[in-house]
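The values are calculated or read from the model by the stated rules, or taken from the named source; none is laboratory data. From a predicted model like this one, the values you see are computed outputs, not experimental measurements. Cβ placement follows ideal geometry from the backbone for every residue including glycine, while neighbour counts extend to all protein chains displayed. SASA here: full protein model, heavy atoms, side chains in, ligands and nucleic acids out. Shrake-Rupley method; radii C 1.70, N 1.55, O 1.52, S 1.80 Å.
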Amino acid sequence: MNRSRISARRVVGPTAAGATALALALALVPVTAASAAPGVSCDKRNNNTVAKLLECVTAEGALEHLEAFQQIADANGGNRAADTAGYEASVDYVVETLEAAGWEVSIDEFDYLVPIPTVHQHAPTDVVRAAGYFVEGSAEGAVAGAVIPVDLAIATPGGGTSGCEAADFTGLDFSGPADIALIQRGACEFGIKARNAQNAGAEAVVIMNSGSPGNEGVISNVTLIGANPTALDIPVINTSFDSGVALAQPGSTATVSMFVENHPQENVIAELPGRNPHNVVMAGAHLDSVPAGPGINDNGSGSAALLDIAESMRKVKPQNTVRFAWWGAEEVGLLGSAAYVEGLSEAERERIALYLNFDMVASPNYVFMVYDGDESTWEAPVVVPEGSIEIEDLFERYFTSVGVPYDDAEFSGRSDYEAFILAGIPAGGLFTGAEDEKTAEQAAIWGGAAGAWLDPCYHQACDTLANISMEALDVNADAIALAVLAYGYSTELVNGVIGVDVPGGLRLPEPAGPEGTWASGGGGYHGHDHTPDAG
């Protein structure tokens, strides 16, 4: 935990915290409110109270942005993934929308290193074969030479131990100027296989898939760093089972290469200046989808909700500076948010009072969840920064105020808030679920289908406009708006910086408490891990 942040805060004890909370008064709006009253111009009036802002922030408003994201994906190969035209068009749309709403918009560019693996077979046929890369552990370079199969089990797919022992290379001639070891997946870590080949004298390695059911194609999302924690000195790529069979033919020669290119990507940062420029309230959502689909729930939903809130806050003059972020390359390792925080000076990090994260807030088979900052359900695998509990408390109070049951989501750091909490910045957020199956107990509380994923189209082509819950989007958009506006006026309960009362007041009840439906285990988080030892 960042000690300088702790010492900079004024400690707020229970009595002071309670008094502050009671001093903030609010006439609550019903959760079913879906649009502004007739004759109200949300674009022209100052929505500086919670009641006015929530009247203007709606699921229908966010849906307009989701429709734009869907159109962008449809026009660009079906997705909005990092390093694609669909992502670039999404950035352009967000920038244009924010500029039209009067926010100060900037582009934050970061490095995006793209692995380029190739395997070109020259003999006995001249064919470019399928090629995949390992997320870490391979050296760069190109090698042209003979392909030497290593203890392959082609006739019995999935049943071999190719390359797992140094003895597998005994009797094979790797004395030539450039030899390529062809190894089959199975039985041990990829890194062990590749290091054994390197030790035997191979100048490059191709690891073919095993050929067992589900393991026929190019291998993805795996690493060479496992039991051997250091990178290899030679290029290592992977290929499909069928391509490996073709490369195993007698007299096979090939050129294998592995290079990394930098394709810079962009975060979009928008700011609404406050009277206090030294206390910044941040909220963010990742803008990219996975390559498999348009990403309308993951994470068009969070991105669209923030856009609708930004438009509705165009006339607000907050006490604290409000900063929104739309992150790039989240789906490939939280790269945009990590690069952003890393690029801040210590003084700039100290200015950030808190960070709110919104990743998947409209899952069709939803459970309303709040990041579990107090670890009442989940023991966090990360250090929870001081002030995060108070953020969780605010969201829980809001859900309680509108009669919406909620549960805890693990405070795991497995989304864009990771870089902020590693820097000691308080964080919180909302989540409606990904690939966890809804239990019968959860279906009884929130409705929906027991036994089905909370997002049945998670990371799939069907994550389209048909894959969102308007009810979940409406509830969460209001919760996000309330939190942003409240912290825009005062973050005292989070970091001790005294602000001003929210115009119109803010009074919320004590939290009803999480439903506890994850108490017996399960999910409740959105993960982005790579497989460390998928040999």
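In the range 172-232, which GluC sites (Glu not before Pro) are in a loop and have at most 15 other Cβ atoms within 10 Å, using DSSP for the loop call?
Filter output for the range 172-232: GLU216.
Residues of the range 170-325: accessible area per residue at 1.4 Å, in Å²?
Accessible surface, normalised per residue, equals 31 Å².
At a Förster radius of 45 Å, what calculated FRET efficiency corresponds to the Cβ-Cβ distance of ALA123 and HIS459, to the nearest 0.05?
0.70
If you keep only loop residues by DSSP, which GluC sites (Glu not before Pro) in the range 377-420 have at most 11 other Cβ atoms within 10 Å of their Cβ?
Qualifying residues, ordered by number: GLU379.
Under the rule of -39500 (n - 2.57) per DSSP H run of 4 or more residues, summed and divided by the residues of the chain, what mean residue ellipticity at 222 nm is obtained, to the nearest 500 deg cm²/dmol?
Per the formula, -8000 deg cm²/dmol.
Would you mind telling me the share, in percent, of accessible area of the range 372-412 contributed by carbon and sulfur at probe 1.4 angstrom?
The nonpolar share, carbon plus sulfur, comes to 46 percent.
When only alpha-carbon atoms count, how far does the range 334-479 stretch along each of its three principal axes, as whole angstroms with the largest first?
Projected onto the principal axes, the Cα atoms of the range 334-479 cover 48, 35, 27 Å.
Ordering THR491, THR230, THR49 from largest to smallest accessible area (1.4 angstrom probe), what's the sequence?
The ranking, largest first, comes out as THR230, THR49, THR491.
Under 26 Å from the Cα of LYS52, which lysines turn up, not counting those fewer than eight places away in the same chain?
In chain and number order, the partners are LYS44, LYS315, LYS317.
Would you be so kind as to identify which of THR239, VAL222, HIS263 lies farthest towards the positive end of the dipole of the range 213-312, taking Lys and Arg as +1 and Asp and Glu as -1 on Cβ and the Cα centre as origin?
VAL222
What number, in percent, do you get for the relative contact order of the chain if the mean sequence gap of Cα pairs under 8 Å and at least 6 apart is divided by its residue count?
21 percent
Which order, highest average first, do 153-159, 93-99, 231-237 follow once you tally other Cβ atoms within 10 Å for each residue and take the mean per peptide?
231-237, 93-99, 153-159
For the range 27-167, give the percent of accessible area contributed by carbon and sulfur heavy atoms, probe 1.4 Å, rounded to a whole number.
51 percent
How much accessible surface area, in Å² rounded to 10, belongs to the heavy atoms of VAL127 with a 1.4 Å probe?
Its accessible surface works out to 50 Å², give or take rounding.
When only Cα pairs under 8 Å and 6 or more residues apart are kept, what is the percent relative contact order across the range 316-457?
Relative contact order here is 32 percent.
In Å², what does the accessible area per residue of the range 64-137 work out to with a 1.4 Å probe?
47 Å²
Starting from the Cα gyration tensor of the chain, multiply each eigenvalue by 5, take the square root, and state the resulting semi-axes largest first in whole Å.
49, 22, 22
Which whole-angstrom value gives the distance between the alpha carbon centres of the range 236-252 and the range 189-221?
Each part reduced to its Cα centre gives a spacing of 11 Å.
Give me the dipole magnitude in Debye, nearest 20, for the range 84-158 about the Cα centre, with unit charges on the beta carbon: positive for Lys and Arg, negative for Asp and Glu.
700 debye
Percent antiparallel among DSSP beta bridges with both residues in the chain, to the nearest 5?
Among the beta bridges of the chain, antiparallel pairing accounts for roughly 50 percent.
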